[in-house]
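Working notes, structure below.
The values are calculated or read from the model by the stated rules, or taken from the named source; none is laboratory data. All values reported here derive from a predicted model rather than from experimental measurement. Counting neighbours? That spans all protein chains shown, and the Cβs are built from the backbone with ideal geometry, glycine included. Side chains are part of the model used for accessible areas, which takes the heavy atoms of the whole protein and leaves out ligands, DNA and RNA. Shrake-Rupley method; radii C 1.70, N 1.55, O 1.52, S 1.80 Å.
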Amino acid sequence: VQLQASGGGLVQTGCSLSLSCVVSGRSSNVDVMGWFRQAPGKEREFVAAIVWSGTAIYYADSVKGRFTASGDNAKNAAYLQLNSLKPEDTAVYYCAAKNNIVRLRDGVEYAYWGQGTQVTVSS
């Protein structure tokens, strides 16, 4: 399974960005798509996760109400819409995939990772 993330950029506070993550290879192994981020000098943190069957979506409290995760099984793609961005959202954003639906918020549970895309929010 390979993941290719895209869509980052530099925006001002309050603006929006859309991230995409395309899954290739044995996508049938994927049950959950997760989004994580890592800011400079900080640990990686959970942002959102979507169960590939569409039965559930989970968010970190820090992004709930501002970010929206979605997926398109036909396109083997996951998306993260980032609205009302704040400077503290600045980080490298990663998409990740796993083949079970337990411990969705724990990055170590994800076997497959994309290369990361930079999101920078200026004040």
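For the reader, a short list of remarks on this structure follows.
- Looking only at residues of the stretch 73-123 that are in contact (Cβ under 8 Å) with a residue 24 or more places away in the chain and of a type in the set (Lys, Arg), we find that the one that is surrounded by the most Cβ atoms within 10 Å (Cβ to Cβ) is LYS98.
- Restricting the stretch 1-24 to residues that are out of contact with any Ser or Thr (no Cβ under 6 Å at 6 or more places or on another chain) and among the hydroxyl-bearing types (Ser, Thr, Tyr), the residue that is surrounded by the fewest Cβ atoms within 10 Å (Cβ to Cβ): SER24
- Residue in the stretch 9-16 that is assigned to a strand (DSSP E or B), under 11 Å from the mean Cα position of the chain (by Cα), under 17 Å from ASP89 (Cβ atoms) and not basic (Lys, Arg) present: no
- Out of SER70, SER53, one residue alone is within 20 Å of VAL1 (Cα to Cα) and over 14 Å from the mean Cα position of the chain (by Cα). It is SER53.
- Top-ranked residue in the stretch 102-116 [being among the aliphatic types (A, V, I, L, M) and assigned to a loop (DSSP other than H, G, I, E, B); ranked as nearest to CYS21 (Cα to Cα)]: ALA111
- Counting the residues of the stretch 85-101 that are β-branched (Val, Ile, Thr) and either within 17 Å of TYR59 (Cβ to Cβ) or assigned to a strand (DSSP E or B) (or both) gives 2.
- The residues of the stretch 25-62 that are closer than 15 Å to TYR94 by Cα and either open to solvent by 60 Å² or more (accessible area, probe 1.4 Å) or part of a loop (DSSP other than H, G, I, E, B) (or both), listed by number, are GLN38, ALA39, PRO40, LYS42, GLU43, ARG44, GLU45, ALA60.
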